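The values are calculated or read from the model by the stated rules, or taken from the named source; none is laboratory data. Values in this document were obtained by computation on a predicted structure and should not be read as measured data. Glycine gets a Cβ as well: all are built from the backbone with ideal geometry, and neighbour counts include every protein chain shown. Side chains included, ligands, DNA and RNA excluded: accessible areas come from the protein's heavy atoms. Shrake-Rupley method; radii C 1.70, N 1.55, O 1.52, S 1.80 Å.
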Amino acid sequence: MKIINVRIKYGGQVMAYDCGELNSSIGDWVVVRNDDSVYLGQVITAPVILKLPEKESTTELASSMSAVTNLLYWGAGEAQGRHLLRLATEADLAHQAENEVWEKEAFEYCLARVVAQRLEMKLVAVETLFDTSKTIFYYTAEERVDFRLLVKELVSRLRTRIEMRQIGVRHETRMIGGLGVCGRCLCCSYFLSNFAPVSVKMAKEQNMALNPAKISGICGRLMCCLAFENIVSDT
């Protein structure tokens, strides 16, 4: 089984896909299928050949991988249900550009309705599936939000399936992106495929000053790289 990691869009979720016999390189735009949906994404890791155990087990697969590889190719056990369909064509890229224009218009309209209805929520991003079958609105909120009227207005205006998806501050930061204290792109929005558990104990073991300003990322949570450095030191 040959897998690659694909980011659906910058700052979006990274997932492992089975690329079969197709050849792809880092930076290539590809069309992938996940369940019944089709996405356009960018390859962010080189293909890796993994030998699956006889009984397809995510746990057994993860244990057979090195710690660093497992961090980068997290979710490889589920990659059998996700497939690389083809390398993106010029027509695919043009279609994606049209989707991005649609997303901006949907974001502006939704934001205006959120303000008009005085909803206690922060609209983070809008994503339209590549086949335009559904539009997803990502938001953060401290309390439960009643957006039934908002959804009704969005469906009436956009004429498509609508999904309101609440995310946390770490996911918000990953989608928006930025630079860390190291001066590089945020790990979460650049190469990490999942949010590994992070603890203050990791900072202690790395002899770091336990100053919240020193060990916290721009999301306000402990920096993801603490877990990464901890894994590297254990290998």
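Rundown of residues vs (1) closer than 26 Å to residue 42 by Cβ; (2) open to solvent by 50 Å² or more (accessible area, probe 1.4 Å); (3) among the polar types (S, T, N, Q); (4) part of a loop (DSSP other than H, G, I, E, B), yes/no style:
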{"position": "155", "(1), (2), (3), (4)": "no, yes, no, no"}
{"position": "172", "(1), (2), (3), (4)": "yes, no, no, no"}
{"position": "189", "(1), (2), (3), (4)": "yes, no, yes, no"}
{"position": "196", "(1), (2), (3), (4)": "yes, no, no, yes"}
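Take the residues in the range 113-136 that are closer than 22 Å to residue 169 by Cα and part of a helix (DSSP H, G or I); name whichever of them is farthest from the chain's Cα centre (by Cα). That would be 115. Take the residues in the range 6-32 that are open to solvent by 10 Å² or more (accessible area, probe 1.4 Å) and among the β-branched types (Val, Ile, Thr); name whichever of them is modelled with the lowest pLDDT. Filtering the range 6-32 for residues that are open to solvent by 10 Å² or more (accessible area, probe 1.4 Å) and among the β-branched types (Val, Ile, Thr), the one modelled with the lowest pLDDT comes out as 8.
Quick grid of which residues meet (1) open to solvent by less than 50 Å² (accessible area, probe 1.4 Å); (2) over 18 Å from residue 8 (Cα atoms):
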position	(1), (2)
100	no, no
103	yes, no
116	no, yes
120	no, yes
123	yes, yes
131	no, no
142	no, yes
162	yes, yes
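Note on the range 206-227: residues that are closer than 15 Å to residue 194 by Cα and more than 19 Å from the chain's Cα centre (by Cα) amount to 1. Exactly one residue out of 157, 161, 174 is touching a strand residue (DSSP E or B) at 6+ places or on another chain (Cβ under 8 Å), closer than 24 Å to residue 37 by Cα, modelled with pLDDT under 95 and among the basic types (Lys, Arg): that is 161.
Working only within the range 187-232, note down all residues that are touching a strand residue (DSSP E or B) at 6+ places or on another chain (Cβ under 8 Å) and among the polar types (S, T, N, Q). Scanning the range 187-232 gives 193, 194, 199, 216.
A search for C-beta distances below 9 Å between a residue of the range 72-99 that is closer than 19 Å to residue 22 by Cβ and of a type in the set (Phe, Trp, Tyr) and any residue that is modelled with pLDDT under 95 and in a helix (DSSP H, G or I), counting only pairs 6+ apart in sequence or on different chains, returns 73/79.
Among the numbered conditions (1) part of a strand (DSSP E or B); (2) in contact with an Asp or Glu (Cβ under 7 Å, 6 or more places away or on another chain); (3) not aromatic (Phe, Trp, Tyr), the only one that residue 162 does not meet is (2).
Flag: residue 186 does not match the condition of being of a type outside the set (Ser, Thr, Tyr), farther than 30 Å from residue 229 by Cα and in contact (Cβ under 8 Å) with a residue 12 or more places away in the chain.
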